[in-house]
Amino acid sequence: MALLLEHEFKPLPADKQIETLPFLEAVAHLPPFFDCLGTPIVYSPVKADLTGNIKKIRAVYDSNPTKFKTLQNILEVEKEMHGSAWPKTGATLALMWLKRGLKFMLVLLQSISDGERDEEHPNLIRVNAMKAYEIALKKYHGWMLQKLFTGSVYALPYRSDLLKALEKGKEVKEEESLEKIHQFLSRVTPILDAIYEMYTKMNAELSYKA
């Protein structure tokens, strides 16, 4: 999967301390995934949000690479720095939304990889996209955004077209594409799970609606 495997994520270490720079360098290659979903009115803002949050975290990291060596360091230092404004501020807030966008992406790909589909329309990915939205984003969106997304699933590309787009237009056997998705998920899912766990442990998760 040319797009997904373009830049490898470092394996999650035993202590679950995720180094900031390698994480940002790897995740910076993922926003173009949302181009593969079409429907610019819905997914262009998601892509822009992802890109913007990566830049915000990178700016904080660049301000003091030693102090912000890991994602855990960022949350701990910003909690101390910002006091009562934390966690709704700085790189902590940017990473909170970044992880949600990544969660949507991973749940969608996992659902496709698991073979979940609408039996009457097996080449559509509506079922997969709605599952991802329900799990990752819906509860953080207001009524208008929810309506916009729900309507957008009818304009999503065919499953076969999505797989081809992820291969950057190359004709590849479906089994090969699904194997690459599996490789990608096996690398990234433990990292994302660790980030969610970190937010829970530090009581940094917010539930306000965008």
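The values are calculated or read from the model by the stated rules, or taken from the named source; none is laboratory data. Not measured: the values here are computed from a predicted model. Ideal geometry is used to build each Cβ from the backbone, glycine not excepted, and the neighbour counts take in all protein chains shown. With ligands, DNA and RNA removed, areas are computed over all heavy atoms of the protein, side chains included. Shrake-Rupley method; radii C 1.70, N 1.55, O 1.52, S 1.80 Å.
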| Are any residues in the stretch 131-140 touching a Phe, Trp or Tyr at 6+ places or on another chain (Cβ under 9 Å) and either free of Cβ contacts under 8 Å to residues at least 40 places away in the same chain or within 14 Å of Leu109 (Cα to Cα) (or both), and if so, which ones? | Ala132, Tyr133, Ile135, Ala136, Leu137, Lys138
| query | Can you tell me which residues in the stretch 39-74 are open to solvent by 30 Å² or more (accessible area, probe 1.4 Å) and under 26 Å from Thr150 (Cα atoms)? | reply | Pro40, Ile41, Ser44, Pro45, Val46, Lys47, Ala48, Asp49, Thr51
| request: Write out, first by first residue and then by second, each pair whose Cβ atoms fall under 6 Å of each other, whose residues are 6+ apart or on separate chains, and whose first residue, in the stretch 175-193, is closer than 16 Å to Leu162 by Cα while the second is in a helix (DSSP H, G or I). | output: Ser177/Leu163; Leu178/Ser113; Ile181/Leu109; Ile181/Ser113; His182/Ser113
| Looking only at helices (runs of 4 or more DSSP H) that fall completely inside the stretch 125-206, which ones have 3 or more residues that are β-branched (Val, Ile, Thr) and touching a Leu at 6+ places or on another chain (Cβ under 7 Å)? | 174-201
| remark: In the stretch 179-200, anything farther than 16 Å from Lys99 by Cα and surrounded by fewer than 18 Cβ atoms within 10 Å (Cβ to Cβ) is listed as Glu179, His182, Gln183, Ser186
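Residues are listed down the side, and each one gets a yes or a no for (1) at positive phi; (2) under 18 Å from the mean Cα position of the chain (by Cα); (3) hydrophobic (A, V, I, L, M, F, W, C):
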residue	(1), (2), (3)
Ala14	no, no, yes
Leu24	no, yes, yes
Phe33	no, yes, yes
Ile41	no, no, yes
Ile54	no, yes, yes
Lys69	no, no, no
Glu80	no, no, no
| message | Just the residues that are modelled with pLDDT of 95 or more, on the phi < 0 side of the Ramachandran plot and open to solvent by 70 Å² or more (accessible area, probe 1.4 Å), please, taken from the stretch 201-210. | response | Lys201
| field | Residue selected from the stretch 139-164 under the condition crowded, with 18+ Cβ neighbours inside 10 Å and either under 13 Å from Ala2 (Cα atoms) or of a type in the set (Val, Ile, Thr) (or both), by the criterion modelled with the lowest pLDDT | value | Val153
| Taking interchain pairs and intrachain pairs at least six residues apart, which have beta carbon atoms under 7 angstrom, with the first residue in the stretch 141-159 and without any contact (Cβ under 8 Å) to a residue 24 or more places away in the chain and the second open to solvent by 50 Å² or more (accessible area, probe 1.4 Å) and of a type in the set (Lys, Arg)? | Gln146/Lys138
| Pairs under 9 Å by beta carbon, first residue assigned to a loop (DSSP other than H, G, I, E, B) in the stretch 104-121, partner of a type in the set (Lys, Arg) and open to solvent by less than 20 Å² (accessible area, probe 1.4 Å), six or more apart or different chains? | Arg117/Arg159
| query | Looking at the stretch 91-99, is at least one residue hydroxyl-bearing (Ser, Thr, Tyr), in contact with a helix residue (DSSP H, G or I) (Cβ under 6 Å, 6 or more places away or on another chain) and outside any helix (DSSP H, G or I)? | reply | no
